[in-house]
Amino acid sequence: MKTVELYGENYSGKWVRSRTACRGVVLREGKLLLSHETSSGLWMIPGGGLEPGEEEMACCIREVAEETGFLIQPSDCALVIEEYVYDLKHINRYYFGQVTSRCERQLTEREAKAGMEPRWLSVEDAKAVFTSYTGAHAMLRSLYRREYTALRELFPEGGAE
């Protein structure tokens with residue numbers, strides 16, 4: 001498993017707290033599962049924060065199911081991205097996952113208001129999405145840089161096999 005460190009333009013130079021998130025890299029018929037916020041146009045690899053006492057694989061399964069409605073069986077962690085922003089260290093753990101069944105999505109109020117829905121894109125199209133953000137919001141630039149880095153590391157030859 002490879003670890004990559006990313007330093008945000010807004011990093012204070014010292015982190016005082018950390019947050020771990022688990023993300024599911026799910027492929028089906030050559031397409032990658034992403035979460036898309038229809039109101040803002042935001043894209044991300046499905047996943048989210050580890051809850052107290054929760055196992056990392058369980059977090060990955062829960063977060064992908066909540067956001068997308070797909071239950072997955074994750075592999076061992078394939079990639080870790082340690083991202084430093086402000087005074088925070090984000091530890092993002094990426095797991096390949098296979099869809100095992102469907103379930104009801106459990107969106108947060110914010111996700112529902114944002115119109116979050118699952119979308120399937122080719123890996124190349126997803127990489128293009130994550131290189132497209134040029135706006136002023138530093139946290140979004142950071143998010144897109146992180147997701148692009150993950151896809152570049154996990155799929156160095158381009159698309160999925």
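The values are calculated or read from the model by the stated rules, or taken from the named source; none is laboratory data. Keep in mind that this is a model prediction, so the values were computed, not measured. Positions of Cβ are backbone-derived with ideal geometry, glycine not excepted, and every protein chain shown enters the neighbour counts. The area values use the complete protein model at the heavy-atom level, side chains included, leaving out ligands, DNA and RNA. Shrake-Rupley method; radii C 1.70, N 1.55, O 1.52, S 1.80 Å.
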Could you pull out every residue, at least 5 positions away or on a different chain, whose amide H is within less than 5 Å of the one on Asn10? Hs are placed 1.01 Å off N in the peptide plane, and Pro or chain starts have none. Tyr86
Could you tell me the number of lysine pairs in the chain with C-alpha atoms less than 22 Å from each other, where the two lysines are 8 or more residues apart or belong to different chains? 4
If a cysteine in the chain has no other Cys Cβ under 4.7 Å from its own Cβ, put it on the list, ordered by number. Cys77, Cys103
Explain nothing, just compute: Karplus ³J(HN,Hα) = 6.51 cos²θ - 1.76 cosθ + 1.60, θ = phi - 60°, for every residue of segment 118-132 in order, whole Hz, x for Gly and Pro. x, 9, 10, 10, 5, 4, 5, 5, 5, 4, 4, 4, 6, 9, 8
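Given C-alpha coordinates of segment 68-133, what is the ratio Rg to Rh with the Kirkwood estimate of Rh?
On the Cα set of segment 68-133, Rg over Rh gives 1.00.
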Enter the accessible area per residue of segment 5-134 (Å², integer; probe 1.4 Å; all protein chains in place). 49
Cα extents of segment 31-152 per principal axis, largest first, Å, are 37, 30, 29
Residues with amide H under 5 Å from that of Leu32, placed H, sequence gap 5 or more: Leu121, Ser122, Val123
Give, rounded to the nearest 20 debye, the magnitude of the charge dipole that the chain has about its Cα centre when Lys and Arg contribute +1 at Cβ and Asp and Glu contribute -1 at Cβ. 280
